[in-house]
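A short worksheet on the structure shown next.
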Amino acid sequence: MNAMRLMLPMAGNRRWILSAAATVLCLAAPTGAAYAQGKIGVVQIERIVRDSAPALRAQKKLEAEFSKREAEMSKVADQLKRMQDELEKDGVTMSETQRRNKERDFNELTRDFQKRQRDYREDVNQRRNEELSQVVEQANRIIRQIAEQEKYDIIFQEAAYANPRIDITDKVIKAMDGKPPAK
């Protein structure tokens, strides 16, 4: 009997709870519809940095800028290889003094070469970062322009998955290349 009494007041509360839930759902419906009407886009910065004309120009510029140093590094590497081959081949027939002098020269050149390699890599990385940051800045300006012109609510960079329908990467690349984007 006590169990029945406890359930009776809940029956009245149940009707009130259902009514409140229906009201909340009705009030939330317009909010959900408003979100569904928002315009969302996605852009793949990696593709822009790899495929856009400014990125390709930056890559060519870097190659031209560092080609001379790269050729010099290659010559030193060849020289080291020749010295190592000579030491291995003729080391047994050389006098102790000659062999020590050749090994010392080889070791000094190796240390110098390794230092040059580190400096070269640091310089290349620094310049690449400088050039790519300019490409990314230009891409961000164009993304903002597209967002404003086409009334996007939000544009994400790098998504784990994006429907190609909302991917605007090609539009950004074409705008960076100076071509009018396809509608």
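Derivation of every value follows stated rules applied to the coordinates shown; laboratory data play no part. Keep in mind the model is a prediction, meaning the values are calculated, not measured. Note that we place each Cβ from the backbone using ideal geometry, even for glycine, and neighbour counts take in every protein chain shown.
Figures for the structure shown
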| read-out | value |
| --- | --- |
| Within region 122-162, chymotrypsin sites (Phe, Trp or Tyr not before Pro) in DSSP loop having at most 15 other beta-carbon neighbours inside 10 Å | 161 |
| Neighbourhood net charge (10 Å Cβ-Cβ; Lys/Arg +1, Asp/Glu -1) for residue 56 | +2 |
| Span from the region 74-114 Cα centroid across to the region 45-70 one, whole angstrom | 36 Å |
| Vicinal HN-Hα couplings computed from phi for region 123-140 (Karplus, 6.51 cos²θ - 1.76 cosθ + 1.60; Hz; Gly/Pro x) | 5, 4, 4, 4, 5, 4, 4, 4, 5, 5, 5, 5, 5, 5, 4, 4, 4, 5 |
| Convex hull volume per residue for region 41-164, taking Cα atoms only, in Å³ | 137 Å³ |
| Calculated FRET efficiency for the pair residue 53/residue 85, C-beta based, R₀ 41 Å, to 0.05 | 0.35 |
| Low-density loop cleavage sites - GluC sites (Glu not before Pro) in region 127-176, where at most 16 other Cβ are within 10 Å (DSSP) | 150, 158 |
| Under-5 Å amide H pairs with residue 42, H placed in peptide plane, nonlocal only | 156, 167, 168 |
| Net charge of Cβ neighbours under 13 Å - reference residue 93; Lys, Arg +1; Asp, Glu -1 | -1 |
| Percentage of interatomic Cα-Cα distances in region 120-183 larger than 13 Å | 69 percent |
